[in-house]
Amino acid sequence: MLRANSIEELFDYAMAFSLQPLPHGNRVAVVSDAGGPAIMCVDELVAQGLRLAELGGETIEFMRPWAPPEASIRNPIDLTPQASLEDYRRALDAVLRDDAVDAVIAIYVPPVRMDEAEVARAIWQTAEQRGKPILCNFLGRTEASPGFVELVGHGVPSYLFPESAARALGAMHRYANYRAREEGETRTFRVDRKRAAEILRRTQDEGRARLRDSEALDILDAYGIRIARSRFVADLATLHAAAKDIGFPVVLKATGPGVVHKTDLRAVILDVRTEKDLLDGATQMRDRLRAAGTAFDGYVVQEFVRGGKEVILGMTRDKVYGPFLVFGLGGIYVEYLKDVAFGLPPLTDRDARRMIESIRTYPLLEGVRGEPPSDVDALVDAVLRLSQLVLDFDSIQEIDLNPVVALRKGEGYRAVDARIVLGPATKPPHFPGAGEDAQSSIHIPSGSTT
Ligand code: ADP
Ligand code: MG
C-alpha cells in the first residue's frame, strides 16, 4: 500500500504511475531554466529518499560548449532563462542518456519569449526515446495551459509545483523497491497448540476476559516465545523457595485480577538480592494492595534480566482486517515516542525483519556508541511465533508484551511482562464476494485504527 496524504497527492501519484515507467534506482537529475524551483525540488527529492545523480563526465563536457555562460551544468542543471529551446532539449537528452541517471524532473518557468508548447513537445519527444521516467513542472501555469496539455496529452505527467513532481517520483521509487524486494518465506513452528488451547478454553469457561499472568506466560512458552524464568506463589511462606529456585537477584511482582499496571500500584520490585529484602518487599506490597482494596492473589518471582534493550511486541485484532502485530522500542516510553511498526500476519521471515528494521530507533538495536548489537534474529523469530499464535486463535483480542528485553546477539530475549485479553468469540473477517451487498456485510467500527 502506498499512502497518499491528500486527495491532491492521490491524483498526482495516479498521473505518474499511469503515464511513466518505474525508475530502476534512486538517482535523479533535475533540468531547469531557473535555480530556485530546482533547489526546492532537490530538497523534496532528498526528503523522499531519492538522491541527486552524479552526472557522468561526458554529459557535463557535452553541455559545456553551448550552455549559457551563467548556467550551472552540474546536477541540478540550471540552464537559466538565456537557454534556447534547443539547449533545453539537448540537456534533457544528455541526462536521460547518462547511465548514472535513473529518472529526470524537468522544470520550466516559461519566459515570455519562448513558446511553452514547443518546450513541452521537446520534452515528450526526448523522453519517448529513452524509456526512463520523466516528470515535469511548468511553474506559474495552470492545468489548462498549452504546455501542460501538450505534455499530459503525450504521456508525460506535469505538475503545478516542483515538489509535487518530486513526491510523485518518490512514491514510484518506493513502489519499485517494494516490487523488487525479497518476499521471504512463511514458516510453521512446532508448538504446543493443545496446551495453549486448554488455557484459552479454561479462561473462557470461567468467563474471564484477561488471562492470569501465569497463563499468559504459559501460552507464550507453549509457542516457543522465550520468557523470563518465573515462579508463581500464593503466599509469603513459599516465596523464598521460589526465589532460591530462580536464583538471586530476582524480581518480585504481585499478580491478580486487580493488578494490571503493576508499576502504578508499586507492585514491582527489581533486583531483590536477599531473602530479607524479598520478604520485607512482599509484606509491604501486600499491605499496600490490601489497603487500596486491589484484588490480588499471589506473587511472581522472576529472573532479573539485566543488560538488554526493552522492546514491545504486541497484537490487536481489528474487526475488519483481523490481527495486526506491533513492534517498537522503548518500554515505558513507547507511548510518547510513537515509534512502532505494524505487520499483518501471516508474515514471512523477511516481513518480520523489515518490520523490526523499519522503526526509527532501529539503529539502537544495531548498537550505537560502542554498545553491542541486540539479537535481532531472535526478535524476528519471536515476531513469527507470535504471528502463528494469533492466527491459530481468533479468540485472542489483544497481546501486549511490554517489555521484551532484547539481549545481545546470540543471547536471545526474554519477555518479562505479558498481558493477553480475549475478545468475544468471532468468525474470521469476511469480505463481500459477487452478488453480496458490500454496504451490509462490512461493518467498519467507528474510531477503528488501521
Ligand atoms: P507493568 O508494566 O505492569 O508496570 P512490568 O512487569 O512490565 O510491570 O514491570 C515494570 C518494569 O520493570 C518493566 O518495564 C521493566 O523495565 C522492569 N522489569 C520487569 N520485570 C523485569 C525482569 N524480570 N527483569 C528486568 N526488568 C524487569
Ligand atoms: Mg509492563
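Is the stretch 227-244 home to any residue that is crowded, with 18+ Cβ neighbours inside 10 Å, within 15 Å of ligand 2 (Cβ to nearest atom), assigned to a helix (DSSP H, G or I) and not polar (S, T, N, Q)? No, because not a single residue in the stretch 227-244 is crowded, with 18+ Cβ neighbours inside 10 Å, within 15 Å of ligand 2 (Cβ to nearest atom), assigned to a helix (DSSP H, G or I) and not polar (S, T, N, Q). Considering the conditions (1) within 16 Å of ligand 1 (Cβ to nearest atom); (2) touching a Phe, Trp or Tyr at 6+ places or on another chain (Cβ under 6 Å); (3) in a helix (DSSP H, G or I), Met355 is excluded by exactly one of them, (1). Selection of the stretch 400-410 for residues being touching a residue at least 60 places away in the same chain (Cβ under 8 Å) and more than 13 Å from ligand 2 (Cβ to nearest atom) yields Ala406, Leu407, Arg408. Of all residues in the stretch 1-19, none that is of a type outside the set (A, V, I, L, M) has its Cβ atom under 8 Å from the Cβ atom of a residue that is exposed (fewer than 13 other Cβ atoms within 10 Å of the Cβ) and modelled with pLDDT of 95 or more, 6 or more apart or on another chain. The combined condition, being surrounded by 16 or more Cβ atoms within 10 Å (Cβ to Cβ), touching a residue at least 24 places away in the same chain (Cβ under 8 Å), part of a loop (DSSP other than H, G, I, E, B) and among the β-branched types (Val, Ile, Thr), is fulfilled by Val191.
Hey, could you check the stretch 150-173 for residues that are surrounded by fewer than 16 Cβ atoms within 10 Å (Cβ to Cβ) and in contact (Cβ under 8 Å) with a residue 12 or more places away in the chain and say which is nearest to the chain's Cα centre (by Cα)?
Only one residue fits best here, namely Gly155.
Yes/no matrix, rows are residues, columns are (1) away from ligand 1 (no atom under 12 Å from the Cβ); (2) farther than 17 Å from Leu401 by Cα; (3) modelled with pLDDT of 95 or more:
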position	(1), (2), (3)
Asp213	no, no, yes
Tyr223	yes, no, yes
Leu236	yes, yes, no
Asp271	no, yes, yes
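Considering only the stretch 275-287, I want to know if a residue exists there that is in contact with a helix residue (DSSP H, G or I) (Cβ under 6 Å, 6 or more places away or on another chain), part of a helix (DSSP H, G or I) and surrounded by 15 or more Cβ atoms within 10 Å (Cβ to Cβ). Among the residues of the stretch 275-287, at least one is in contact with a helix residue (DSSP H, G or I) (Cβ under 6 Å, 6 or more places away or on another chain), part of a helix (DSSP H, G or I) and surrounded by 15 or more Cβ atoms within 10 Å (Cβ to Cβ), which makes the answer yes.
Determine whether Ala418 is more than 19 Å from Gly184 (Cβ to Cβ), in contact with an Asp or Glu (Cβ under 9 Å, 6 or more places away or on another chain) and either surrounded by 16 or more Cβ atoms within 10 Å (Cβ to Cβ) or among the aliphatic types (A, V, I, L, M) (or both). Give the steps one after another, and end with the answer.
Details: more than 19 Å from Gly184 (Cβ to Cβ): yes; in contact with an Asp or Glu (Cβ under 9 Å, 6 or more places away or on another chain): yes; either surrounded by 16 or more Cβ atoms within 10 Å (Cβ to Cβ) or among the aliphatic types (A, V, I, L, M) (or both): yes.
Criteria met by Ala418.
For the stretch 313-323, the criterion of being away from ligand 1 (no atom under 16 Å from the Cβ) and assigned to a helix (DSSP H, G or I) is met by no residue.
Restricting the stretch 273-304 to residues that are more than 20 Å from Leu401 (Cβ to Cβ) and touching a residue at least 60 places away in the same chain (Cβ under 8 Å), the residue that is nearest to ligand 2 (Cβ to nearest atom) is Tyr299. For beta carbons closer than 7 Å, sequence separation of 6+ or different chains, a first residue in the stretch 414-425 that is on the phi > 0 side of the Ramachandran plot and in a strand (DSSP E or B) and a second that is of a type outside the set (S, T, N, Q) and at pLDDT 95 or above, there are no qualifying pairs.
Against the test of being modelled with pLDDT of 95 or more and touching a Ser or Thr at 6+ places or on another chain (Cβ under 9 Å), the options Leu313, Leu329, Leu217 yield a single qualifying residue, Leu217.
If you go through the stretch 55-80 and keep only what is surrounded by 15 or more Cβ atoms within 10 Å (Cβ to Cβ) and either part of a loop (DSSP other than H, G, I, E, B) or modelled with pLDDT under 95 (or both), you end up with Leu55, Gly56, Ala67, Pro68, Ala71, Ile73, Asn75, Pro76, Leu79, Thr80.
The values are calculated or read from the model by the stated rules, or taken from the named source; none is laboratory data. Here the structure is a predicted model, which means the values were calculated and not measured. Methodologically, a virtual Cβ is constructed for each residue, glycine included, from the backbone with ideal geometry; neighbour enumeration extends over all protein chains shown.
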